[in-house]
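Here is the structure we will look at.
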Amino acid sequence: MSSVSKELQSTQEWLVCVTCGTQFPTPDRSAVKTCHICDDPRQYVPATGQSFTTLADLRTNHTNEFQPLSTGASGVQLTSIHTQPRLAIGQRAILIQTPGGNILWDCLTLLDDATISAVAALGGLAGIVISHPHFYSAHADWAAAFNCPVYISAEDREWVSVPCPQRVFLDNVETAIPGKDGAETGVVAIKLGGHFPGSLVVLVGGRLLTADTLMLTPAGKGDWKVNAVGEVRKRPEGLNTFCFMFSYPNSIPLGPDELARMWGILKGYEFRAVHGGFVGMDLDDDDMKVRVLESMMIQTIHMGWLNHKLLAEKL
């Protein structure tokens, strides 16, 4: 067992779901026999069955890697943080650095002394915002270690598994996330729903941090500007950039009524870049908002709703 600071010792033997990374407030394997997150239709228990580990074990063979993200001339400083080897569903967190204080978007299960030191060197944390229950992980430990609030949607409170006095439930569709001593950060949490009733995205400096509320697709990430012989060409029609799912591992899409409701909220915001919930899911495009609407329309059409009201939306 690796040595850790006193602030990390009290929870290091608590159980952690191997499949999704959710932490449970007990070391007793007879008390937690299944994971309520993985029993939900949006997740899964693998063919090998339900299993648990602990943070103490994870700290012996996993580390968190920090990677600055290119954000052009936007002035927004983003750092991607992910765990190696892959842990749980493999998500990343994104550290948003602002003059008013740093905000962590989404959360990881692994928290160790090296991670605390690395985040502290970048300015620490003034708050944590988590998109949805699949990323709740060990957020109570993170909030305690950095003595900061952690914001989640009120609609998803039933999915929390660990006590956390720093937890703040968001009721509004839009919430400005404060920094140190209430300072402005420019970070806005927007409740879109869809994947979960309270699924959040975050907007900062024209950049939309989406987790998997909007999932960037291979076709969306692909580069069609130049073909194999160097000729400039347009992106082919009919390719989506995002998909919108009730369940990603079980391939259950959201219906057009839900997409239309989500678009009714998102169309009121301006953004030119997205940063998804996994490493490499970063995309800049002046037509990003158009691509979101097009993707919603493509999903609607391929589900057979050829006369749905969403198809009449324009920018």
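Only the coordinates and a few stated rules stand behind these numbers; no lab work does. These figures come from a predicted structure and were not determined experimentally. All Cβ positions, glycine included, derive from the backbone under ideal geometry; neighbour counts span all protein chains shown.
For region 1-105, the set of GluC sites (Glu not before Pro) satisfying both a DSSP loop assignment and a count of at most 15 other C-beta atoms within 10 Å is given as 13.
Under 17 Å from a point placed 7 Å out from the Cα of residue 113 along the Cα-to-Cβ direction: which residues of region 124-148 have their backbone N that close? Inside the label zone: 145-146.
Between the C-alpha center of region 248-303 and that of region 76-144 there is a gap of 24 Å. One way to sum up the overall shape of region 2-135 is the equivalent ellipsoid from its Cα gyration tensor, whose semi-axes run 28, 18, 13 Å, largest first. Qualifying trypsin sites (Lys or Arg not before Pro) in region 14-43, where qualification requires a DSSP coil assignment and no more than 13 other C-beta atoms within 10 Å, comprise 29, 33.
Okay, which of region 213-229 sit inside 19 Å, backbone N to the point 7 Å along the Cα-Cβ direction of residue 302? Within reach of a label on residue 302: 213-224.
Extension gain for residue 160-residue 30 works out to 44.8 nm (0.36 nm per residue, less the C-alpha to C-alpha distance). Neighbour counts of C-beta atoms inside 10 Å place 19, 34 in the sequence 34, 19, starting with the fewest. Only lysine pairs 8 or more places apart, or on different chains, with alpha-carbon atoms under 12 angstrom apart are counted in the chain, and they number 4. Cβ-Cβ distance of residue 270 and residue 69, R₀ of 30 Å, FRET efficiency by 1/(1 + (r/R0)^6): the value works out to about 0.95.
Of the beta bridges DSSP finds with both residues in the chain, what % are antiparallel, to the nearest 5?
75
Stretching the chain fully between residue 5 and residue 122 yields a gain of 40.2 nm (0.36 nm per residue, less the alpha carbon separation).
Rg/Rh for the chain stands at 0.97; both radii use Cα atoms, and Rh follows the Kirkwood definition. Taking every DSSP bridge with both residues inside region 52-149, close to 85 percent are antiparallel. Membrane-span-like helices in the chain (whole DSSP H runs, Cα extent of at least 20 Å along the helix axis, mean Kyte-Doolittle hydropathy of at least -0.5): 288-302. Here the translational diffusion coefficient of region 182-315 follows from Stokes-Einstein with Rh set to the Kirkwood radius across Cα pairs; for 4 °C and 1.567 mPa s it amounts to 83 µm²/s.
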